[in-house]
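Student: I have a structure I would like to understand better, so I am pasting it below and will then ask my questions one at a time.
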Amino acid sequence: MEKEASKSLVKEPDLSYGKYSYADYLTWEMEEMVELIKGKIFKKTAAAPRRIHQWLTGNLYTEMNLFLKGKKCQAYIAPFDVRLPVKSKKDEHIHTVVQPDICVVCDLEKLDDKGCVGAPDLVVEVLSPGNKQMELQRKYEVYEESGVKEYWIVDPEGKTVLIYTLTQGKYSASRWMTEGDVARSSVIPGFELDLDEFFKDA
């Protein structure tokens, strides 16, 4: 992501400091991808994601993107900044910036040149050995709190998919679905994912 030229770039912010904002984030020049959750920095793994992570993420994004062609919603794949403001949309007041593997945004007014400001309608995270706590705990909490309507977790190792659906501000979970099941979205009406086909070459 392009950083604002007017700001001095910081190569390595203090990871123990827990009150950073998106305005700070824009000044960082770090080799690895980072996310900001409630003001605290979380580094993504320095190594490239495993092949199967990239394979499944790319295939699911392609399926969603093709399905959404001609519809009002748009799908985006990481790296793509999603800012989750609590009260103010000003950069200095935003303390959570995440990069979901895939997100779908139906309110196009939330999109700008920097990414998305506000909760996407649907988020997909594909688990990796080093990110399970992040996806299953920390991101679960901020996605629920910020109003992400549907949160898919894809587990390549178990060949399973879990869908959380937001109901009255709280997530309710589907069962873990696997080969032989069809995952369906309530946020993208009509979108179905045949898990036999999806995991076939995984």
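Student: Looking only at the range 133-161, which residues are farther than 22 Å from residue 96 by Cβ and free of Cβ contacts under 8 Å to residues at least 60 places away in the same chain?
Tutor: 155, 157, 158, 159, 160, 161
Student: Right, here's the next one. Considering the range 72-95 alone, what residues qualify as being small (Gly, Ala, Ser) and surrounded by fewer than 18 Cβ atoms within 10 Å (Cβ to Cβ)? Write out each step before concluding.
Tutor: Restricting attention to the range 72-95, the residues satisfying the condition of being small (Gly, Ala, Ser) are 75, 78, 88.
Hit for the range 72-95 is 88, nothing else.
Student: Counting only residues that are surrounded by fewer than 17 Cβ atoms within 10 Å (Cβ to Cβ), among the hydroxyl-bearing types (Ser, Thr, Tyr) and more than 23 Å from residue 107 (Cβ to Cβ), how many does the range 148-202 have?
Tutor: Residues flagged as surrounded by fewer than 17 Cβ atoms within 10 Å (Cβ to Cβ), among the hydroxyl-bearing types (Ser, Thr, Tyr) and more than 23 Å from residue 107 (Cβ to Cβ) within the range 148-202 amount to 2.
Student: All but one of (1) among the acidic types (Asp, Glu); (2) in contact with a Cys (Cβ under 9 Å, 6 or more places away or on another chain); (3) closer than 22 Å to residue 171 by Cα hold for residue 81; which doesn't?
Tutor: (3)
Student: From (1) in contact with a Lys or Arg (Cβ under 9 Å, 6 or more places away or on another chain); (2) without any contact (Cβ under 8 Å) to a residue 40 or more places away in the chain; (3) surrounded by 19 or more Cβ atoms within 10 Å (Cβ to Cβ), pick out the condition that doesn't hold for residue 118.
Tutor: Failing condition for residue 118: (3).
Student: While we're looking at this one, here's another question. Take the conditions at pLDDT below 95, among the hydrophobic types (A, V, I, L, M, F, W, C) and surrounded by 16 or more Cβ atoms within 10 Å (Cβ to Cβ) and apply them to residue 98. Does it pass? Don't jump to the end; show me each part of the working.
Tutor: Working: at pLDDT below 95: no; among the hydrophobic types (A, V, I, L, M, F, W, C): yes; surrounded by 16 or more Cβ atoms within 10 Å (Cβ to Cβ): yes.
No, not satisfied.
Student: Please work out which residue is modelled with the highest pLDDT, limiting yourself to the range 24-71 and to residues that are loosely packed, with under 15 Cβ neighbours inside 10 Å and of a type in the set (Asp, Glu).
Tutor: 29
The values are calculated or read from the model by the stated rules, or taken from the named source; none is laboratory data. Remember, predicted model here, so these are calculated numbers, not experimental data. Every residue, glycine as well, gets a Cβ built from its backbone with ideal geometry; the counts of neighbours run over all protein chains shown.
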